[in-house]
Each structure stands twice: as C-alpha cells, then as structure tokens.
Amino acid sequence: AVVSTQSTGAIKAGKPVRAHNSVSLADGLAVPTVGLNAFVTAQPLVDKIVTVSEKAIALSILRLVEIEKNVVEGSGVVGLAALIDGQLPELKGKRVATILCGGNIDTTVLGRCLERGLAADSRLLSFTVVVKDAPGGMSQLTARLAESGASIKDILHERAWLLEDVFAVRVRCMVETRDADHTKEVRKILTDNYRHVEFIGLSDASSDPDLVSKGSN
C-alpha cells in the first residue's frame, strides 16, 4: 500500500495534475504537481492511496519522539500516520513495516508538532473560566488544578472583556494531563465547581452530560 497526500488526483486522472495544497506538516509532500518520473514509476505499483489528517501526522511525530526517540519530519511519518488514523483497517493484527524517512524538520516546527500532538492525544486542555475577582479566587483555581494532578503550562486573567460581572475575572488557562481519562477528570472538576467554563477546541464538551457546568463560582 502506498500512502500519499498529494498524488490521489494524479492517479485517478492517469497523468500528473496540478493540486491546490494548503500549508501542511508534511510540507515535502505538499507540492503543486507530482513529478512525471515519480508518477510513471509509481503508477503501476500503487495498490491503494489514502489521505491522512494533520492531527495524525502531529501525533505520529510525537509517538516517534516519545517511544522510539527518533525525530522524523512530517513527510516521513505519513505511513505511520495512516495506521494511527485507522486508514488501513485491513492491516489490523498483522505484522506491518512502514518506512520512516527524513529528519529535516525545523526545531520551531518540531515544538509546534509536539504540542499539537499532545493536544491530539488529549493531553493538553485549554479552557476559559470565570472566577471571583477577590483574594483567593485565582489561588483556589490553581489549587484545584494542582490537586487534580494537572500541570499548568500557561495562564492569563482578563478583567476588561468581562462585562457581565465587575466582581469576576475571566481566566484563560492551558494545562497538561496524563491521558484522555485524566483530561476528562479535570474537565469534570472544573464544571462541578464553576458555572462559566468554556473548553477550547473540544466540540464534544457541550454534548457530554458529565461536562455541563453546575458549579456555584
């Protein structure tokens, strides 16, 4: 199986075609047109083509750094990303070899990939919460986060943009957790203790009955 993010249209068309690609973590694959020689070589050998998500690419980079201690660029991990993304179910339970190629990744981009990988792995939680603008309000929030085992990576409080209550302050916070279950525990602690909590980047927060804010603060 060949995993590709840029040549699907070319294979279907039977010839190289121009693709309109956006910025991608797999920048080495995000070319406007597949090379003619590469296309002619690959065409008779390709059995299947799948498209992988940016989330799966970031998570693959993170997995390789954490588990294998290898730094691989986005274009070099798309094979692993296809497996992580569940794009090749026919290989489940089989012994599979995937090629990892290329370590040409900028340190700044690597940092972004690792952070996005943590978010994709449900190990980063970003939220805003309204707390009392009084002595102890902020410390009570940080104490609850500390007791839950979450590690605060970034925190900012905003007074000017909260117009509903002059005796309250909105706190924007990002914390690191152990795994998805720990993240859900932290979310429940927040919704149990604060009336106004908004989780950023989590589309399922409002639909989960366990995560409806019912706190008094």
Self-check item: Boolean, L83 is assigned to a helix (DSSP H, G or I), in contact with a Cys (Cβ under 9 Å, 6 or more places away or on another chain) and crowded, with 16+ Cβ neighbours inside 10 Å
Solution: no
Quiz item: Do we find a residue being charged (D, E, K, R), farther than 18 Å from V78 by Cα, modelled with pLDDT under 80 and in a loop (DSSP other than H, G, I, E, B) anywhere in the range 3-23?
Solution: yes
Exercise. Please specify each residue of the range 127-167 satisfying the condition of being modelled with pLDDT under 90, in contact with a strand residue (DSSP E or B) (Cβ under 7 Å, 6 or more places away or on another chain) and not aliphatic (A, V, I, L, M).
Key: K132, D133, G137, H157, E158, R159, W161, F167
Self-check item: Residue list for the range 71-91, filter: out of contact with any Gly (no Cβ under 8 Å at 6 or more places or on another chain) and either on the phi > 0 side of the Ramachandran plot or not β-branched (V, I, T) (or both)
Solution: G79, L80, A81, A82, L83, D85, G86, Q87, L88, P89, E90, L91
Quiz item: Looking only at the range 33-47, which residues are in contact (Cβ under 8 Å) with a residue 40 or more places away in the chain and either hydrophobic (A, V, I, L, M, F, W, C) or surrounded by 13 or more Cβ atoms within 10 Å (Cβ to Cβ) (or both)?
Solution: A42, L45, V46
Quiz item: Would you call V175 in contact with a helix residue (DSSP H, G or I) (Cβ under 7 Å, 6 or more places away or on another chain), of a type outside the set (S, T, N, Q), closer than 26 Å to L118 by Cα and at pLDDT 95 or above?
Solution: yes
Quiz item: Has the range 98-108 got any residue that is surrounded by 14 or more Cβ atoms within 10 Å (Cβ to Cβ), touching a helix residue (DSSP H, G or I) at 6+ places or on another chain (Cβ under 6 Å), of a type in the set (S, T, N, Q) and assigned to a helix (DSSP H, G or I)?
Solution: no
Quiz item: Taking the range 111-166 only, how many residues are open to solvent by less than 20 Å² (accessible area, probe 1.4 Å), part of a loop (DSSP other than H, G, I, E, B) and of a type in the set (S, T, Y)?
Solution: 0
Quiz item: What single numbered condition from (1) open to solvent by 70 Å² or more (accessible area, probe 1.4 Å); (2) modelled with pLDDT under 90 fails to hold for L91?
Solution: (1)
Self-check item: Meets criteria (in contact with a Leu (Cβ under 9 Å, 6 or more places away or on another chain), open to solvent by 70 Å² or more (accessible area, probe 1.4 Å) and among the charged types (D, E, K, R)) for E68
Solution: yes
Quiz item: Got a sec? Which of A30, A58 is touching a residue at least 60 places away in the same chain (Cβ under 8 Å), surrounded by 13 or more Cβ atoms within 10 Å (Cβ to Cβ) and of a type outside the set (S, T, Y)?
Solution: A58
Exercise. Kindly provide the set of residues from the range 167-182 that are within 22 Å of G201 (Cβ to Cβ), open to solvent by 90 Å² or more (accessible area, probe 1.4 Å) and either over 17 Å from the mean Cα position of the chain (by Cα) or hydroxyl-bearing (S, T, Y) (or both), ordered by number.
Key: R172
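The values are calculated or read from the model by the stated rules, or taken from the named source; none is laboratory data. Fair warning: this is a prediction, and the values are worked out from it, not measured in the lab. When we count neighbours, we look across all protein chains shown, and the Cβ atoms used for this are built from the backbone with ideal geometry, even at glycine. Heavy atoms of the whole protein, side chains included, go into the accessibility calculation; ligands, DNA and RNA do not. Shrake-Rupley method; radii C 1.70, N 1.55, O 1.52, S 1.80 Å.
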